[in-house]
Amino acid sequence: MSKRDYYEVLGVARNASEADVKKAFKRLAMKCHPDRNPGDSEAENKFKEGKEAYDVLANAQKRAAYDQFGHAGVDGGAGFAAGAGAAGGFSFSDIFGDVFSDIFSGGGGSRGAGRAYRGADLRYNLELNLEEAVSGTTVKIRVPTLVVCAECGGSGARKGSGPTTCSTCGGHGQVRMQQGFFSVQQTCPRCRGTGQMIDDPCTSCAGQGRVQEYKTLSVKVPSGVDTGDRIRLSGEGEAGEQGGPAGDLYVQIHVQTHEIFVREESNLHCEVPIDFVTAALGGELEVPTLDGKVMLKIPPETQSGKLFRLRGKGVKPVRGGAVGDLLCRVAVETPVKLSARQKELLEEFRATLSEGGKRHNPRAATWLAGVKKFFENMKF
């Protein structure tokens, strides 16, 4: 019976990489290895066939010969023989030991004795008012964090003593456990992967090598920041373990609501109430900006809702760009708590308006005409 094509056996393309060939063989071994299928001759034969194909295709020289001359170029393959629990010295645990080692060590291999670990990053929420956010400021913050224990220098051992090698893992930080045909490597439960034990712990940090403290930092806030922006302070996070580098501190910006202005990116918005006489006759109005007061000229016959733009009176973005504008929206205010005389004058004024017809209230006249047409077209 002729042999099947090795690429077909493993289910890979002829241009498959060495990593793809290895993955394909592992999938086949997971399914057909004799350790997983005791007494199943068909599965054993498939594994033999796969192992033979793998031995050729995983070897660059053999693969080149096979690609040129076929099975004849590799002298009949790899000469595989399988037995219960092992396959030509290629056991199931040999195939998958490296995979499970990665899984149970967090994908980063063995922790190992004395390995340093970076400290955790911290976040601090900083509230600013609008003026501080726009102009920039420097603030002092007090942050709770873990720092290296001054008493033991971070070793965790009492002064004058030191850590000892873990007796469970022999200082490797990992132990191997056999579960049937699985060989699983996992973090040592006694030393928690450090490979060392503290027999005489430091009294200040209880053997942890770090203690919690509050530290005061000065944070320079650049001009133009907004809610959601972050300032990174390198190395100001928690101290690392076993001499590892400290993490970073991220200062999260939140800008408080302002009583006058509303920020929209680089622009500021505000509502400006004016009396109806100024709206009708025009005039000047003093309005605030973040730079100080300015005079806003109100033209005659200004309607409520009209928008005035004060260029360059907004915010300069923190990431660069042109300074935004201040947009002032006019709101014509109806007078309240009128005296009898004021009401009398308004009645006289209304009478003079009616004498002018539609020309004094063009929008109202247009709207009333539209309402009239609507009712005429409706069938009640």
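The values are calculated or read from the model by the stated rules, or taken from the named source; none is laboratory data. All values reported here derive from a predicted model rather than from experimental measurement. Here the Cβ is made from the backbone with ideal geometry for all residues, glycine too, and neighbour counts use every protein chain on show. Ligands, DNA and RNA are excluded from the accessible area calculation, which covers all protein heavy atoms including side chains. Shrake-Rupley method; radii C 1.70, N 1.55, O 1.52, S 1.80 Å.
Remarks
- Conditions (1) at pLDDT 90 or above; (2) touching a helix residue (DSSP H, G or I) at 6+ places or on another chain (Cβ under 7 Å): number failed by V332: (1)
- Any chance Q212 is assigned to a strand (DSSP E or B), in contact (Cβ under 8 Å) with a residue 40 or more places away in the chain and under 24 Å from the mean Cα position of the chain (by Cα): no
- Residue check for A116: modelled with pLDDT under 90 and touching a Pro at 6+ places or on another chain (Cβ under 8 Å): yes
- Any hit, the range 250-265, residues being open to solvent by 50 Å² or more (accessible area, probe 1.4 Å), in contact with a helix residue (DSSP H, G or I) (Cβ under 9 Å, 6 or more places away or on another chain) and without any contact (Cβ under 8 Å) to a residue 24 or more places away in the chain: yes
- A Cβ distance below 9 Å, combined with a sequence gap of six or more or placement on separate chains, defines the contacts here; from the range 60-79, residues that are open to solvent by 40 Å² or more (accessible area, probe 1.4 Å) and among the charged types (D, E, K, R) reach residues that are part of a loop (DSSP other than H, G, I, E, B) and modelled with pLDDT of 80 or more in the pairs D67/R14.
- Qualifying positions in the range 291-342 - of a type in the set (S, T, Y) and either touching a residue at least 12 places away in the same chain (Cβ under 8 Å) or open to solvent by 90 Å² or more (accessible area, probe 1.4 Å) (or both): T302, S304, T334
- Test: residue in the range 221-239 that is among the polar types (S, T, N, Q), over 28 Å from P299 (Cβ atoms) and in contact (Cβ under 8 Å) with a residue 24 or more places away in the chain: yes
- Residue check, P245 part of a loop (DSSP other than H, G, I, E, B) and not aromatic (F, W, Y): yes
- Residue match in the range 138-149 (condition: hydroxyl-bearing (S, T, Y), modelled with pLDDT of 80 or more, assigned to a loop (DSSP other than H, G, I, E, B) and surrounded by fewer than 12 Cβ atoms within 10 Å (Cβ to Cβ)): no
- Lone unmet requirement of (1) farther than 30 Å from E264 by Cα; (2) without any contact (Cβ under 8 Å) to a residue 24 or more places away in the chain for S204: (2)
- Residue check, V74 at negative phi, of a type in the set (V, I, T) and modelled with pLDDT under 85: yes
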